[in-house]
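> Would you mind keeping the following structure in view while I ask a few things?
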Amino acid sequence: MTHPLRSCTPLLLILATAAATSSCGDAPAAWAGTVDTLATGQVVVRNPRAPLWPEGHEWSLAEELRVGTVAGEGPELFGRITSLAVDPAGRIYVLEAQAQEIRVFGPDGAHVRTIGREGGGPGEFARALRIELGPDGNLWVADPQNNRVSVFDTAGTYLRAHSMAGGFTIIPWPGRFDRQGFYYYPVPLPAKNEFRLGLVRYDSALVPLDTLATPEDPVDRDYFELRQGDEGFARVGVPYTGGFRWQLSPAGTFWGFLTGPYRMFELAPNGDTLRTITREFTPLPVTDADMARAREDLEWFISEGGTVDWKMIPSHKPAMEYAFPDDQGHLWVWPVMPTGQEGRALDVFDAVGRYLGRVESPVPIARGPAPVVRNDVMYAVTRSELEVPFVVRLAIHRGEAVVADR
């Protein structure tokens, strides 16, 4: 297996490698970007600032349903939502982490039933982290604190449990089904002086097939560290410098996101690079208010004896916060927005990797849990000014198609 770090590192050099590329030449003439294919088969997509959507053809989001309340009692009052799922009938499954139960709501937003409860017995959850509908049509619940995955039918009947490695918490939970029906479950990998994560891939009978190494950050990051004698150390990142995130896609590939330079890459399960996507952008400046916020966030670190070199904080912010792929191959990206506008816009890329444009949202869309996109509908979590979570259903109004098929 090709190690993800070795296969990711060349990504930083791809944009300077022109000798072995050939343009695919199928993008509309109005688009100023390029789509090149390397001799190795890797696809390199370079996007300008300008979107592919012409004026009048943009997508938009419109809220059509909201589930939740800021007061009272009952299933509509949420404390912390960890995961969402939606079945073909439009029923919404909400994993309420504080209560450790799954609340089901109909397409009209009315409460239908509640599945499970906190505990260690059959059908109970210790710390469930992800719910999803499997290829069998049943609801699968990852509960690593109970060392298992529990399975329910959509009527809420407990069917069975599968024993899994557990005892650890990862948020967002990286395991899932892919569209081929393989199931992925995270496990710690042997590593010296660090936590390394792998994903065990199971077949439809939940027989383990192999273990995949997850992507690693190809960039050496600067940190502020607090040494605590022989007991270890605390480490915090330098504010506004960007970072690295990854997730498993519905296709069974890995997506990696370098948030500082607006660079995304797709890896095959064996670690080979399939695609890189970049986009030009104008970075937002780090303001005095941003610096004040950074000082507030690091106050605990300094109070514990940590040293902060404020000169290491850059003058401009990263390009993006996070991204997720939908079931149709689009990438949805949270760009870094001005203070007060966080989560109110998403950049959309097509299945090739071309930047379609920015979609404005009537509500701030939370990064966690990731939204669920089903055809022309997005299900997402938003939060009130008091940080009370709600579930919203947003209609995706798509402009006239202008992207040629590849």
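> With a 1.4 Å probe and every protein chain left in place, work out the accessible area per residue of the stretch 300-406 in Å², rounded to a whole number.
Normalised by residue count, the accessible surface of the stretch 300-406 is 44 Å².
> Sticking with this structure for a sec: For the stretch 209-306, what class follows from the C-alpha gyration tensor (a ≥ b ≥ c being the square roots of its eigenvalues): rounded when a/c is under 1.5, otherwise prolate if a/b is larger than b/c, else oblate?
On the way: a/c = 3.39, a/b = 1.49, b/c = 2.28.
Oblate is the answer for the stretch 209-306, as a/c is 1.5 or above yet b/c matches or exceeds a/b.
> Can you give the net charge of the other residues whose Cβ lies under 12 Å from the Cβ of P188, counting K and R as +1 and D and E as -1?
Details: positive: R196; negative: E194.
Local charge sum for P188: 0.
> Could you work out the helix-only [θ] at 222 nm for the chain, with each DSSP H run of four or more residues adding -39,500 (n - 2.57) and the total divided by the number of residues, to the nearest 500 deg cm²/dmol?
Values: 4 runs with 24 residues, N = 406.
Computed ellipticity for the chain at 222 nm equals -1500 deg cm²/dmol.
> Separate question: Once you list every other residue whose beta carbon is under 11 Å from the beta carbon of M378, what net charge do they have if Lys and Arg are +1 and Asp and Glu are -1?
It works out to a net charge of -2.
> Ignoring ligands, DNA and RNA, please state the percent of accessible area on the chain from carbon and sulfur, probe 1.4 Å.
C and S atoms contribute 49 percent here.
> With no solvent and one point per C-alpha, what does the Debye sum give as log10 I(q)/I(0) for the chain at q = 0.09, 0.14 Å⁻¹?
-0.60, -1.50
> While we're looking at this one, here's another question. Report the accessible area of D108, computed with a 1.4 Å probe over the heavy atoms of all protein chains in place, in Å² rounded to the nearest 10.
My reading of the accessible area for D108 is about 110 Å².
> What figure in square angstrom, to the nearest 10, would you give for the accessible area of R179 with a 1.4 Å probe?
My reading of the accessible area for R179 is about 130 Å².
> Sticking with this structure for a sec: Rolling a 1.4 angstrom probe over the protein chains, ignoring ligands and nucleic acids, what is the accessible area of K317 in square angstrom, nearest 10?
The value for K317 is about 20 Å².
The values are calculated or read from the model by the stated rules, or taken from the named source; none is laboratory data. Nothing here was measured: the structure is a model prediction, and the numbers come from that model. Neighbour counts are summed over all protein chains in view; Cβ atoms, including those assigned to glycine, are modelled from backbone coordinates with ideal geometry. SASA here: full protein model, heavy atoms, side chains in, ligands and nucleic acids out. Shrake-Rupley method; radii C 1.70, N 1.55, O 1.52, S 1.80 Å.
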